[in-house]
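Step one of this worksheet: look at the structure below.
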Amino acid sequence: MTAITDVIAIMNLVGFLIGLAVMALTVYTATLARRAEYGVLKALGARNGHLYRAVLAQALLSVALGLGLGLVFTLLLSVMVPRLNLNLALQVSGESLVKVGGVSLVIAALAAVLPIKQIAGLDPALVFRGK
């Protein structure tokens with residue numbers, strides 16, 4: 001490996017970590033934004049297990065959608081970059097896709113844990129009072 005390859009690898013890792021942090025924050029915020037809806041469901045008799053599954057499904061669906069869009073964007077770039085006569089090769093391997101997808105799903109599940117705890121202790125009466 002040359003020095004430039006090392007720098008690119010570090011930049012790739014930093015970009016990946018920033019992407020994971022943004023994804024976790026997005027999942028966390030989206031879950032808390034629906035706090036009132038979860039309170040209504042709880043007031044209607046939904047059990048905590050049902051709410052947990054709804055929060056996890058929302059988190060995993062958001063991540064899967066983002067991962068799919070990112071993959072499409074990367075594949076489009078891998079087709080367009082060679083046509084621009086740039087000395088740059090983009091490649092998406094199955095192994096890297098599985099790694100990124102797996103880590104993303106784990107981070108999404110972990111990001112949903114904090115709001116799940118808050119939703120479990122949610123008092124439906126407070127939601128209807130607007131607090």
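Bear in mind that the values in this text are calculations on the coordinates, not laboratory data. Treat the numbers as computed from the prediction; the structure is a model and nothing was measured. Note that each Cβ is placed from the backbone with ideal geometry, even for glycine, and that neighbours are counted across all protein chains shown.
From the coordinates of this entry, Cα Rg over 2.2 N^0.38 Å is computed, and it appears in (1) 1.00; (2) 1.10; (3) 1.41 under the label (3).
Give me VAL27, VAL100, VAL106 sorted ascending by neighbouring Cβ count inside 10 Å, so fewest comes first. Could the numbers behind the result be given before it?
Numbers: VAL27 26, VAL100 17, VAL106 12.
In increasing order of surrounding Cβ atoms, one gets VAL106, VAL100, VAL27.
Based on DSSP H segments of at least four residues, each scored -39500 (n - 2.57), the chain has a per-residue ellipticity at 222 nm of -29000 deg cm²/dmol.
For the chain, the longest principal axis of the C-alpha atoms and the axis of helix 94-120 are separated by about 20°.
Once the chain from ASN48 to ALA21 is taken as fully extended at 0.36 nm per residue, the excess over their C-alpha distance is 7.0 nm. Summing Cβ point charges (Lys, Arg +1; Asp, Glu -1) relative to the Cα centre of the chain gives a dipole of roughly 600 debye.
Using the 10 angstrom Cβ neighbour count as an exposure proxy, how do GLU95, GLU37 rank, fewest first? Present the calculation step by step, with values, prior to reporting the outcome.
Values: GLU95 8, GLU37 12.
Starting with the residue having the fewest Cβ neighbours, the order is GLU95, GLU37.
Each of ILE116, ILE8 has some number of other Cβ atoms within 10 Å of its Cβ, and from fewest to most they run ILE8, ILE116.
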